[in-house]
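> Okay, here's the structure, questions in a sec.
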Amino acid sequence: MSRIGKLPITVPAGVDVTIDGRTVQVKGPKGSLSHTVAAPIEVAKGEDGILNVTRPNDERQNKALHGLSRTLVANMITGVTTGYVKKLEISGVGYRVLAKGSNLEFSLGYSHSITIEAPEGISFKVENPTHFSVEGIDKQKVGEVAANIRKLRKPDPYKAKGVKYEGEVVRRKVGKAGK
């Protein structure tokens, strides 16, 4: 069996899991998420609030979907209980971020400022002009929004200017040698 897929998923108190055919719906204190499990994979609700994810056979495709499906359901449960946060930081002279309601306005060295609107289920928190975070209950959506913001001005390998994840190490390059 898949090492990840065979692990049972414990459902914490305050979280309601509903399985309707192939659709798994999770409701918790932060909101609700639903996911349709891929065709051969089965999700069953056991006693004591434990979910088990099983596969019919050991075909290569089913093995891959087994671990994936288990992880997606576990991520939904974590999302509705604690949520997900991606912290980003901006480095560079004049680079900054401002909160405008639920939107973010970036000054990243271009001739214009860039406004990013918060998608549904995502919120932004600005700690100071160079540090902010993307928060939400859907892990995939939080990561996608954070990656799109980072894409606005990727970290420069020569001066390490740009938008980067907190704790990300930018590999520096040596400039021209000169004479």
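> Net charge near THR81: determine it from the other residues with C-beta under 12 Å of the C-beta of THR81, scoring Lys and Arg +1 and Asp and Glu -1.
Around THR81, the charge tally is +1.
> Greater than 31 Å separation of Cα atoms is the criterion. Which listed pairs, LYS139/LYS176; LYS6/LYS164; LYS27/LYS125; LYS6/LYS125, meet it?
Cα-Cα > 31 Å for LYS139/LYS176; LYS6/LYS164; LYS6/LYS125; rest within.
> For ARG55, what charge total do you get from the other residues with a beta carbon under 15 Å from its beta carbon, if Lys and Arg give +1 and Asp and Glu give -1?
+3
> Quick check for me: using +1 on Lys/Arg Cβ and -1 on Asp/Glu Cβ, what's the dipole size of region 84-165 about its Cα centre, in debye to the nearest 20?
In debye, rounded to 20, region 84-165 gives about 340.
> Quick one, which of (i) 9, 32, 30, 16, 8, 3, 1; (ii) 9, 29, 24, 20, 14, 4, 1, 0; (iii) 9, 23, 22, 16, 10, 8, 6, 4, 1, 0 is the actual P(r) over Cα pairs in 10 Å bins from 0, in percent calculated for this model?
Recomputing P(r) over Cα pairs in 10 Å bins from 0, in percent here picks out (ii).
> Treating the beta-carbon of each Lys and Arg as +1 and of each Asp and Glu as -1, no other charges, what is the dipole magnitude of the chain about its Cα centre, to the nearest 20 debye?
Its charge dipole is roughly 1280 debye.
> Does anyone have the angle between helix 139-152 and the longest principal axis of the chain? Alpha-carbon axes, 0 to 90°, nearest 10?
20
> Here's a follow-up. For HIS66, what is the net charge nearby, where nearby means another residue's Cβ is under 9 Å from its Cβ and Lys, Arg count +1, Asp, Glu -1?
+4
> Can you tell me the FRET efficiency between GLN140 and GLN61 if r is taken as the Cβ-Cβ distance and R0 is 30 Å, rounded to the nearest 0.05?
Efficiency computed from Cβ-Cβ geometry: 0.90.
> Also, quick follow-up: How big is the gap, in Å, between the Cα center of region 48-118 and the Cα center of region 1-35?
Their Cα centres are 17 Å away from one another.
> Further question on the same structure: Return the aspartates and glutamates within reach of LYS30: Cα separation strictly under 15 angstrom, same-chain partners fewer than 8 residues apart disregarded; answer none if there are no such residues.
Answer for LYS30, where 15 Å is the Cα cut-off: ASP16, GLU120, GLU135, ASP138, listed by chain and number.
> Here's a follow-up. Let me check against my output: what whole-number percent is the relative contact order of region 1-119, with C-alpha pairs under 8 Å and at least 6 apart?
22
Where a number appears in this text, it was derived from the coordinates with a stated rule and is not lab data. For clarity, every value in this text was computed on a predicted model and none was experimentally measured. Cβ atoms come from the backbone with ideal geometry, glycine included; neighbour counts cover every protein chain shown.
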